[in-house]
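Inspection log for the structure reproduced underneath, given as structure tokens.
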Protein chains: 2
Amino acid sequence: MPKDVITQRSVDYNQWYLDIVREADLAEVAEVVRGCIVVKAHGWAIWELMQRALDDRIKATGHSNVQFPLLIPKSFIMKEAEHVEGFAPEVAEVTRAGGEELAEPYIIRPTSETIIGYFYSKWIRSYRDLPLLYNQWANVMRWEMRTRPFLRTAEFWWQEGHTAHATEAEAEEETLRILHEVYADFVEREMAVPVIRGLKTEKEKFPGALRSYCIEAMMQDGRALQAGTSHNLGQNFARAFDITFTDQNNTIQYAWTTSWGVSTRLIGALIMTHSDDEGLVLPPRLAPIQVVVVPIYKNDEERSAVMAAVARMTAPWKGRLRFKVDDRDNYSPGYKFNEWELKGVPVRIEVGPKDVAKETVALARRDIPGKAGKSFVPQAGLTERIEALLEEMQTGLFQRALAFREAHTADVTTYDELKEQVERGFARAFWAGDTADEKRIQEETRATIRCIPLEQPGTVGRCIYTGRETDRQVIFARAY
Amino acid sequence: MPKDVITQRSVDYNQWYLDIVREADLAEVAEVVRGCIVVKAHGWAIWELMQRALDDRIKATGHSNVQFPLLIPKSFIMKEAEHVEGFAPEVAEVTRAGGEELAEPYIIRPTSETIIGYFYSKWIRSYRDLPLLYNQWANVMRWEMRTRPFLRTAEFWWQEGHTAHATEAEAEEETLRILHEVYADFVEREMAVPVIRGLKTEKEKFPGALRSYCIEAMMQDGRALQAGTSHNLGQNFARAFDITFTDQNNTIQYAWTTSWGVSTRLIGALIMTHSDDEGLVLPPRLAPIQVVVVPIYKNDEERSAVMAAVARMTAPWKGRLRFKVDDRDNYSPGYKFNEWELKGVPVRIEVGPKDVAKETVALARRDIPGKAGKSFVPQAGLTERIEALLEEMQTGLFQRALAFREAHTADVTTYDELKEQVERGFARAFWAGDTADEKRIQEETRATIRCIPLEQPGTVGRCIYTGRETDRQVIFARAY
């Protein structure tokens with residue numbers, strides 16, 4: 001497996017991404033099912049760790065998991081005007097089942113606001129039934145034109161939270177709680193990906209939402225990736241699906257609903273934030289294998305000495321570290337080093353006969369490739385050393401990504417500066433334009449407003465496009 | 001919530017089942033999506049515990065999780081002759097997507113042997129690539145005519161394992177390992193449901209399999225429920241999908257494949273094995289809430305004394321027990337007792353002012369309803385007492401179900417005896433008939449051969465139907 005299986009980022013960033021997905025055994029394009037992928041073992045193992053960490057946060061904030069049907073009567077998506085426009089063009093339709101044509105087709109859920117809205121209208125009667133705080137882990141399908149593994153696929157896997165509340169204030173509180181306590185916290189702490197928290201403009205918001213909040217991350221090519229969204233749906237879906245309740249004054253009111261989701265797209269974000277020209281780089285908390293041990297020997301005698309040392313060394317790791325001893329006999333150590341490097345294992349331990357004699361091991365850290373990241377360390381205290389190193393790497397990856405984003409973010413005050421800056425990264429600009437202005441800028445620069453950051457400077461400036469005075473700053477960027 | 005919301009089993013077992021599903025908040029029929037259900041919070045929480053325990057076993061036996069596409073090109077299911085016959089009549093078809101008619105329809109997977117076979121044929125080249133040991137957790141769809149929550153629904157949720165091996169012996173070993181170490185072990189230890197391990201007859205085997213193994217459980221009405229199946233697919237799918245490899249002698253061979261699955265149907269088995277006329281009964285290992293604490297007070301003063309005692313008492317439970325303190329102010333203790341009884345919480349602790357004074361609590365165990373299961377116990381040592389009780393209940397439920405099955409199983413030596421016995425439970429009989437005989441018996445008695453148990457008496461007898469001498473015993477029963 002030669003190193004040049006991975007295209008260098010500087011040569012072709014897009015091809016580099018596809019090479020990593022393939023060589024790290026993350027996914028494969030399912031060319032017989034248009035726009036779909038097979039998520040392979042290493043990719044799914046990462047997703048399972050992500051699910052676990054997200055699910056813990058979702059439950060800790062008071063939500064329960066449920067499961068709604070995959071299929072939705074086609075008429076349902078027609079009930080909310082913006083929602084139809086957003087999703088109708090890209091649905092897959094089931095028109096025949098059990099050998100017969102269906103009177104009304106079903107669509108495969110592109111998202112579940114409509115079918116869940118239908119049930120919420122049955123379940124909610126009184127203010128005592130509120131709030132409803134549900135989430136589901138599910139596959140969804142959107143018939144996308146251009147697809148790329150994880151980043152945009154017809155079928156993808158996600159969680160979608162759907163809640164109903166008695167007041168607008170409670171719905172807004174929920175929407176922001178998810179943004180901060182679940183999504184931003186997960187993406188920054190577990191994925192080691194720094195994000196900007198913000199509000200979407202009218203043009204970019206979810207079809208049917210009152211307000212969409214998002215977290216935006218910067219990839220290594222300076223482009224933005226929307227890592228999660230949390231929507232205050234207002235009373236739009238409540239009106240469309242008649243979700244009403246009797247309040248404390250015995251008046252019938254429409255409920256206020258929210259929805260929020262993150263998907264397997266986050267795996268794409270993970271790859272494009274940390275990985276390098278040698279392969280995948282994983283933050284330790286999301287590494288299915290955190291430490292790989294490669295024993296090195298030439299004969300049976302060496303083998304038993306080395307394997308005995310390895311067994312001794314790894315005994316205390318059970319339950320503390322996710323590790324693997326790569327004792328395959330039909331592969332060379334060099335082959336193994338390369339394979340685990342491609343797959344992003346954070347720490348590699350090499351143990352040969354000399355290490356046994358000297359009571360040392362060679363330790364290679366994935367975040368610093370090559371000789372610079374390799375050292376010889378004593379076997380004594382190895383467990384604690386590795387644990388500390390994993391912590392250090394987790395923090396280090398976050399800091400590196402944050403420094404990269406800061407180095408590739410600039411305040412721009414003219415439209416020309418903006419055009420130039422979006423070639424390199426994020427452009428922060430004062431903004432007082434409308435949707436039509438945004439569309440023109442997108443046509444001219446391929447950049448969109450990623451968000452109106454929740455943290456604002458509190459100063460006033462001139463809109464980059466209209467020249468009007470405003471206190472609102474936005475982030476422009478090209479996006480995945 | 002009056003008690004009579006649950007129909008008694010003796011009156012209408014089928015209605016009793018539906019009442020439990022509804023009143024324990026497990027699922028709801030999604031009447032707008034034919035044959036589908038919404039799995040509600042309590043039902044999904046049980047499924048998550050089942051998934052966790054199964055997934056641990058699947059991984060411990062060397063398998064990795066992956067994810068294949070939901071959609072399968074329609075032509076794929078036509079490739080294996082028996083498989084077409086088994087599944088073609090009940091598939092749901094996607095014929096339109098992204099606003100256009102598709103040249104070839106896709107089906108929503110009813111099971112994934114075909115799409116996985118396609119990929120295995122790409123991935124497997126040499127004996128070095130074998131075995132492939134993969135599993136996926138997924139939703140599948142079969143357009144069933146008569147549906148019942150969990151037991152038979154159009155969409156259901158399951159895991160499906162798919163492996164490929166170099167030899168028949170290895171495939172057989174895998175098939176049986178799953179049957180014993182994963183399925184039977186899980187169902188008996190975690191679900192507390194005793195099972196008979198056996199082989200399916202030709203008539204009952206999976207469409208396309210060489211041999212299907214199963215575990216069969218007995219419900220409280222004496223009917224059988226197939227709780228899991230593990231199939232040795234021989235080389236049938238390998239031939240259909242050209243899954244070949246070069247062996248050590250450089251000869252091209254077809255691989256031997258297996259598949260195996262258990263589904264949300266197991267929730268139906270769980271309900272129908274343990275529950276009673278008061279509601280759901282859950283084995284402690286699969287109870288989302290193992291202990292509920294109901295504080296009882298009449299005024300603020302009593303409330304603070306009681307809640308302080310509850311806080312003290314439950315402090316050591318964190319991380320040891322799954323528990324809930326039901327401190328809702330708008331419901332009476334009686335309402336709460338009833339609700340948690342319906343939901344099958346194994347242990348209820350009641351704490352009132354007198355208990356605080358006497359340093360006791362009232363403890364009610366769900367497996368013994370009413371006064372007989374209630375006792376007053378000291379607060380000292382409560383944690384250990386509850387832990388021991390949960391263990392006792394787990395074992396007790398298994399023993400009770402086993403005793404029930406034994407009491408409702410009989411050896412039969414004449415066809416008349418068989419007809420009579422299948423009204424009450426399992427009929428064990430010598431069998432030397434063929435598929436045509438089995439079909440006639442099914443028409444006449446509505447009973448089928450559930451399995452040829454792996455444990456055989458080792459004696460010889462006369463076939464109940466043909467009168468031929470044989471050493472093979474089978475289990476006849478009516479089945480879900």
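Things to note:
- Cβ neighbours within 10 Å from other chains - mean over B:116-122: 2
- Close amide-amide hydrogen proximity is noted between A:Ile107 and A:Ile72, A:Lys74, A:Val94, each under 5 Å apart and 5 or more residues distant or on a separate chain (H modeled in the peptide plane; Pro and chain starts excluded).
- When nucleic acids and ligands are ignored and a 1.4 Å probe is applied, A:Leu363 ends up with an accessible area of around 10 Å².
- Across chain A, Cα-Cα pairs more than 45 Å apart make up 21 percent of the total.
- Computed accessible area, A:Ile475, all protein chains, 1.4 angstrom probe, square angstrom: 0 Å²
- For the stretch B:218-271, diffusion coefficient by Stokes-Einstein and Kirkwood Rh (Cα), 25 °C, 0.890 mPa s, µm²/s: 176 µm²/s
- Solvent-accessible area, 1.4 Å probe, carbon plus sulfur percent, for the stretch B:367-460: 52 percent
- Solvent-accessible area, 1.4 Å probe, carbon plus sulfur percent, for the stretch B:3-274: 46 percent
- Across peptide A:59-70, the mean count of Cβ atoms from other chains lying within 10 Å of each residue's own Cβ comes to 6.
- Across the stretch A:289-389, C-alpha contacts under 8 Å between residues 6 or more apart give a mean separation that, scaled by the residue count, equals a relative contact order of 31 percent.
- Among B:Thr466, B:Thr445, B:Gly425 the positive-end extreme of the charge dipole of the stretch B:400-480 (Cβ point charges): B:Gly425
- Under the simplified labelling scheme, the B:Glu417-B:Arg303 pair shows an inter-label distance of 6.7 nm, with each label point 7 Å from Cα along Cα→Cβ.
- The stretch A:127-195-the stretch B:316-348 distance, computed between alpha-carbon centres (Å): 30 Å
- Solvent-accessible area of B:Arg328, all protein chains in place: 70 Å² (probe radius 1.4 Å, heavy atoms, ligands and nucleic acids excluded).
- The translational diffusion coefficient of the protein assembly as shown, from Stokes-Einstein at 37 °C and 0.692 mPa s with a Kirkwood hydrodynamic radius over alpha carbon pairs, comes to 106 µm²/s.
- The accessible-area ordering, largest first, of the residues A:Glu455, B:Glu341, A:Glu350, B:Glu173 stands as A:Glu455, B:Glu173, B:Glu341, A:Glu350, per a 1.4 angstrom probe.
- Helical contribution to [θ] at 222 nm, DSSP H n ≥ 4, -39,500 (n - 2.57), averaged over the protein assembly as shown, rounded to 500: -10000 deg cm²/dmol
- For the stretch B:452-480 versus the stretch B:5-71, the inter-centroid distance based on Cα atoms is 33 Å.
- The long axis of helix B:41-60 is offset from the longest Cα principal axis of chain B by roughly 50 degrees.
- Summary value for the stretch B:3-274: 19 percent relative contact order, contacts being C-alpha pairs under 8 angstrom separated by 6+ residues.
- When the stretch B:289-387 is reduced to its Cα atoms, the Kirkwood hydrodynamic radius in Å: 13.5 Å
- A label point on B:Pro369, set 7 Å along the Cα-to-Cβ line, lies at 6.6 nm from each of its counterparts in the other copies, closest listed first.
- Shielding by partners - mean other protein chain Cβ count within 10 Å, residues of B:98-104: 4
- Relative to the dominant Cα principal axis of chain B, helix B:300-314 is inclined by about 40°.
- Relative contact order computed over chain B (Cα-Cα under 8 Å; 6+ residues apart), in percent: 14 percent
- With 10 Å bins beginning at zero, the pair-distance distribution over Cα atoms of the stretch B:3-274 amounts to 7, 27, 34, 22, 8, 2, 0, 0 %.
- Neighbours of A:Arg9, meaning other residues whose beta-carbon lies under 9 angstrom from its beta-carbon, give a summed charge of -4 when Lys and Arg score +1 and Asp and Glu score -1.
- Computed over the stretch A:409-477, the range of Cα coordinates on each principal axis works out to 28, 24, 19 Å, biggest value leading.
- Between copies, B:Glu443 shows label-point distances of 7.3 nm, shortest first, with the point placed 7 angstrom from Cα along Cα to C-beta.
- Helix B:333-342 axis versus longest C-alpha principal axis of chain B: approximately 20°, rounded to the nearest ten.
- When the residues A:Met313, B:Met78, A:Met307 are ordered by accessible surface, computed with a 1.4 Å probe over the protein chains alone, the sequence from largest down reads B:Met78, A:Met307, A:Met313.
- Placing a label point 7 Å from Cα along the Cα-to-Cβ axis, B:Ala103 is separated from the same position in the other copies by 3.5 nm, shortest listed first.
- Heavy-atom accessible area ranking, 1.4 Å probe, most first, across B:Glu406, B:Glu82, A:Glu23, A:Glu80: B:Glu406, B:Glu82, A:Glu23, A:Glu80
The values are calculated or read from the model by the stated rules, or taken from the named source; none is laboratory data. These numbers were taken from a predicted model, which means no experiment stands behind them. A quick note on method: Cβ atoms are made from the backbone with ideal geometry, for glycine too, and the neighbour counts reach across all protein chains shown. Heads up: the accessible areas ignore ligands, DNA and RNA and are worked out on the full protein's heavy atoms, side chains in. Shrake-Rupley method; radii C 1.70, N 1.55, O 1.52, S 1.80 Å.
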